[in-house]
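Since every read-out is calculated from the coordinates, none of them should be taken as a lab result. Note that the structure is a prediction, hence the values are computed from the model and not measured. All Cβ positions, even for glycine, are placed from backbone atoms using ideal geometry, and neighbour counts span all protein chains on display.
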Amino acid sequence: MARATAQMGTTLRGLLMVAGGLCIVLGVAVVFLWHSSLVDLTGAPELVGFLVFRGAEAALIWGGAWACVRGWNGGPEVRQG
């Protein structure tokens, strides 16, 4: 069953794409590259730090990708599938 996408303005589309890109960069830079430093800084055990920060990284990257795709596909015209 086809579903029409909600109409979205150009400004909102741009903001979604920028926010999504920022989430992806934040997920990669802060959590992936500085993972060891964050675990040492928080004082969490190694396994707990691994699970928490890797989960946060996955959530940021997945959410950022969703926001980018939603902003890209959420054009002002309603598409019928």
Label point distance in nm, residue 50-residue 34, each placed 7 Å from Cα along Cα→Cβ = 2.2 nm
Pop out the ³J(HN,Hα) list for region 44-49 in order, Karplus 6.51 cos²θ - 1.76 cosθ + 1.60 with θ = phi - 60°, rounded to Hz; leave Gly and Pro as x.
-> 6, x, 4, 5, 5, x
For region 62-69, Karplus-derived ³J(HN,Hα) couplings (6.51, -1.76, 1.60; θ = phi - 60°; whole Hz; x for glycine and proline) come out as 5, x, x, 5, 4, 5, 5, 5
